[in-house]
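Worksheet: one structure, shown below.
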Amino acid sequence: MDNDVYGHVNNVVYYSWFDTAVNATLIEHGVLDPERSEVIGLVVHTQCHYFAPLAFPQTVQAGVRVAHLGRSSVRYEVGIFADGAERTAAHGHFVHVYVDRATRRPVTALPAGLHTLLESWR
Ligand SMILES: CC(C)(COP(=O)(O)OP(=O)(O)OC[C@H]1O[C@@H](n2cnc3c(N)ncnc32)[C@H](O)[C@@H]1OP(=O)(O)O)[C@@H](O)C(=O)NCCC(=O)NCCSC(=O)c1cc(O)c2ccccc2c1O
């Protein structure tokens, strides 16, 4: 996304990066199909700390780990790095609650393939 009126990437954009980093990786690993999966993750909480500005046309990289794996909920921590940087420009987290696509109620257990992948991100 382009820079805002202050010449940097606006704070709300980082949340979109978090969402993309997590969901794109889940899709790549074949454990999420946003249009067909019986179980989908709804965001119930999100937070971000900003340490250094980023501005277009800088490119960024995201690192993701799982900080908590519950019955239906997962807390992902995401670091945003200016391309090649050693320290994060921002880091934050969000919590997905996995729900049945039809009923939108939390599942009693995560699907096995998803659980195995998320365990490996701890
Ligand atoms: C999601 C809800 C249906 C949950 O209902 P409820 O709150 O009644 O559930 P429980 O009390 O039983 O708790 C279940 C589970 O969640 C944990 N939890 C709940 N709240 C929090 C919280 N604030 N922080 C941390 N954890 C929380 C609780 O501890 C339980 O954990 P267990 O592991 O023990 O099971 C209901 O809350 C709801 O509908 N909320 C609104 C959700 C919403 O509208 N979010 C914004 C839009 S969704 C979105 O942005 C989105 C993002 C994506 O990345 C997607 C990816 C793929 C598909 C869709 C996506 C998507 O829609």
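Values quoted throughout were computed directly from the atomic coordinates according to the rules given, and no laboratory measurement underlies them. Predicted, not measured: the structure shown is a model, and the values here were computed from it. Methodologically, a virtual Cβ is constructed for each residue, glycine included, from the backbone with ideal geometry; neighbour enumeration extends over all protein chains shown.
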Quiz item: In the stretch 44-60, which residues are under 17 Å from E86 (Cβ atoms) and within 16 Å of the ligand (Cβ to nearest atom)?
Solution: none
Quiz item: Got a sec? Which of G41, G63 is within 11 Å of the ligand (Cβ to nearest atom) and in contact with a helix residue (DSSP H, G or I) (Cβ under 9 Å, 6 or more places away or on another chain)?
Solution: G41
Quiz item: Does Y15 fit the bill of being within 16 Å of the ligand (Cβ to nearest atom) and among the aromatic types (F, W, Y)?
Solution: yes
Exercise. For the stretch 102-112, state whether one or more residues are over 30 Å from N3 (Cβ atoms), within 16 Å of the ligand (Cβ to nearest atom), of a type in the set (D, E, K, R) and touching a residue at least 40 places away in the same chain (Cβ under 8 Å).
Key: yes
